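Enquirer: One structure is given below, represented as structure tokens, and several questions about it will come after.
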Amino acid sequence: GLINNEKVMLKQSVLDRLEERTIATAIVTGRPRAEAEIGQKMVNMNRCPLVSLDDVKEGKPDPEGINQVKNQMNVTNNWMIGDTPDDMRAARESNSVAIGIGLENKENLMLWGADLVVDSVNQIEQLL
């Protein structure tokens with residue numbers, strides 16, 4: 001029931017920019033597939049690959065989910081954006097650029113491997 005209280009933090013302009021630049025985008029989450037699909041629909045990213053906790057043997061910080069997406073999309077250079085130390089560890093272990101979200105947690109995210117920490121996920125638009 002708590003998923004019904006969640007709010008989309010990603011601005012539509014960021015999603016539009018990703019789509020217009022044809023940037024390969026995927027969702028790798030530690031949530032079960034049913035919850036992940038709800039979130040995927042909330043941000044209107046229904047066409048991008050989704051790897052949930054149900055799709056891997058080990059959840060993050062294991063990089064399995066990120067590596068699945070990298071193989072599926074045939075990419076070697078990528079970003080992993082997340083807000084937890086496990087996200088940063090998974091990014092580092094998958095040879096991804098680790099972008100942390102949340103300046104209030106910057107020290108911890110950097111400690112666990114973030115290459116960069118921004119305050120809001122919407123700031124990635126500036127990086128594009």
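The values are calculated or read from the model by the stated rules, or taken from the named source; none is laboratory data. Not measured: the values here are computed from a predicted model. We place every Cβ from the backbone using ideal geometry, glycine too, and count neighbours over all the protein chains shown. Surface accessibility is based on the protein's heavy atoms, side chains included, excluding ligands, DNA and RNA. Shrake-Rupley method; radii C 1.70, N 1.55, O 1.52, S 1.80 Å.
Enquirer: Calculate the dipole size of the chain relative to its Cα centre from +1 charges on Lys and Arg beta carbons and -1 charges on Asp and Glu beta carbons; express the result in debye to the nearest 20.
Expert: Dipole of the chain, to the nearest 20 debye: 240 debye.
Enquirer: So how much slack lies between residue 122 and residue 86, counting 0.36 nm per residue of separation and subtracting their Cα-Cα distance, in nm? Could you put the intermediate results ahead of the total?
Expert: Working: separation 36, 0.36 × 36 = 12.96 nm, distance 2.07 nm.
Using 0.36 nm per residue and subtracting the Cα-Cα distance, I get 10.9 nm.
Enquirer: Calculate what fraction, in whole %, of the accessible area of the chain sits on carbon and sulfur atoms when a 1.4 Å probe is rolled over the protein chains.
Expert: Within the chain, the accessible surface is 47 percent carbon and sulfur.
Enquirer: Evaluate 2.2 N^0.38 Å with N set to the residue count of the chain, then give the Cα radius of gyration divided by it.
Expert: Ratio of Rg to 2.2 N^0.38 Å for the chain: 1.00.
Enquirer: Still on this structure, I have one more. Treating only the Cβ of Lys, Arg, Asp and Glu as charged (+1, +1, -1, -1), what charge dipole size does segment 4-55 show about its Cα centre? Round to the nearest 20 debye.
Expert: Working: 8 positive and 8 negative charges, 32 e Å.
Value, rounded to 20: 160 debye.
Enquirer: Along its principal axes, what span do the Cα atoms of segment 1-56 show, with the longest given first and each in whole Å?
Expert: 33, 27, 13
Enquirer: Could you state the accessible area per residue of segment 43-109 in Å², with a 1.4 Å probe and every protein chain left in place?
Expert: 57 Å²
Enquirer: Moving to a separate point now. Provide the gained length on full extension for the span residue 106 to residue 71, in nm with one decimal, where the gain is 0.36 nm per separating residue minus the Cα-Cα distance.
Expert: That pair, residue 106 and residue 71, stretches by 9.6 nm at full extension.
Enquirer: If you don't mind, another one. Out of residues 5 or more away from residue 83 or on other chains, whose amide H comes under 5 Å of its own, with H placed 1.01 Å from N in the peptide plane?
Expert: Correct list: 101.
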